[in-house]
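**Student:** Would you mind keeping the following structure in view while I ask a few things?
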Amino acid sequence: MQRERIALVTGANKGIGLEIARQLAETGVHVIIGARNDERGRAAVDDLASQNLIVQSVRLDLVDLASVEAAAATIREEHGKLDILVNNAGIFDFSDAPPSSASIEAVRRVMDINFIGALAVTQAMLPLLKKAPAGRIVNLSSSLGSLTLNADPTSTYYSQRFIGYNASKAALNILTIQLSAELRNTSIVVNSVSPGFVKTDLTGYGNMTPQEGAKLPVRYALSGDQTGVFVEPDGMTPW
């Protein structure tokens, strides 16, 4: 009998993270909601439980390495492995701006969570992913992290100059490239997925619902056809 698949979705107490958790749970995956705040994590669990979905939550603060290690220990003790890691947690700081005027503190916060935090979680969870028959890592990226599109004056993203956010997603893409190469002889696949322009608390506006935006990350969390790619709903995105 195939063992139940276990997934950790960071920042999953609201927005697209909560929807990713919901859609994974609907396929029978046991989902662990990573939330910085215990109360919000429990509220998300209650929300999904009201739909007859079995999930749990764990405290996970990406800038608190002790909480990251504690979360890994909890998953190891309770499940012994991790099949899916979705690095969804991320922030946008409205003090971010073009390089000449961005708040250095804002850039530091964005990089610390969007890239360094994701790296810390990935390192902590890798031993558990290696115990799974086929590990999956999905890094929630953005087309704003594409160096090609940032440099293309004809791109709609060319004028979106947020040095902290864009650089954090470009760095996350480097994580995908290097980690997929490092793990090429294992059963773990790693991909960057841009869900599209989703309206959430982070963006405040967008042309996609969280339900629509969650579909592509969920697809890559469940499949293992490719590794080391950068995709969005319209297809492959240039690095």
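A short reminder: the numbers here are calculations on the coordinates, not readings from a lab. From a predicted model like this one, the values you see are computed outputs, not experimental measurements. When we count neighbours, we look across all protein chains shown, and the Cβ atoms used for this are built from the backbone with ideal geometry, even at glycine.
**Student:** Compute the angle between helix 15-26 and the longest alpha-carbon principal axis of the chain, please, reported from 0 to 90 degrees and rounded to the nearest 10.
**Tutor:** Taking the Cα atoms of the chain, the angle to 15-26 is about 30 degrees.
**Student:** Please work out how many pairs of lysine residues in the chain are eight or more positions apart (or on different chains) and have Cα atoms closer than 27 angstrom.
**Tutor:** Pairs that pass both the separation and distance tests number 13.
**Student:** Taking neighbour counts of Cβ atoms within 10 Å as a proxy for exposure, in what order, fewest first, do LYS14, LYS169 appear?
**Tutor:** Going from least to most buried by this count: LYS14, LYS169.
**Student:** Oh, and also: May I ask for the net charge around VAL229, where only other residues with Cβ less than 14 Å from the Cβ of VAL229 are counted and Lys, Arg are +1 while Asp, Glu are -1?
**Tutor:** Cβ neighbours under 14 Å give a net charge of 0.
**Student:** Using only the alpha-carbon atoms, how far is helix 38-49 inclined from the longest principal axis of the chain? Give it as 0 to 90 degrees, nearest 10.
**Tutor:** So the helix axis and the longest Cα principal axis differ by about 70 degrees.
**Student:** Measuring from label point to label point, each 7 Å out along Cα→Cβ, what is the ASP64 to SER159 span in nm?
**Tutor:** Result for the modelled spin labels: 4.2 nm.
**Student:** Helix-derived [θ] at 222 nm for the chain: sum -39500 (n - 2.57) over DSSP H runs of at least 4, divide by residue count, nearest 500?
**Tutor:** -12000 deg cm²/dmol
**Student:** Hey, another quick one. Which whole-angstrom value gives the distance between the alpha carbon centres of region 63-125 and region 2-36?
**Tutor:** Distance between centres, Cα-based: 16 Å.
**Student:** What is the sum of charges around THR156, taking Lys and Arg as +1, Asp and Glu as -1, for the other residues whose C-beta is under 14 Å from the C-beta of THR156?
**Tutor:** Local charge sum for THR156: -2.
**Student:** Now for a different question. Residues of region 1-30 with the amide nitrogen closer than 19 Å to a label point 7 Å from the Cα of ARG76, along Cα-to-Cβ, please.
**Tutor:** So the set is 6-9.
**Student:** Sketch the reach of a paramagnetic label on MET236 as a point 7 Å from Cα along Cα-to-Cβ, and name the residues of region 131-158 whose backbone nitrogen lies under 17 Å away.
**Tutor:** Residues passing the 17 Å test: 143, 146-149.
**Student:** For region 85-153, what is one quarter of the convex hull surface built on the Cα atoms, given in nm²?
**Tutor:** Its average projected convex-hull area is 5.8 nm².
**Student:** A follow-up question, please. How far is helix 163-182 tilted, in degrees, relative to the longest principal axis of the Cα atoms in the chain, given as a value from 0 to 90 rounded to the nearest 10?
**Tutor:** So the inclination is approximately 50 degrees.
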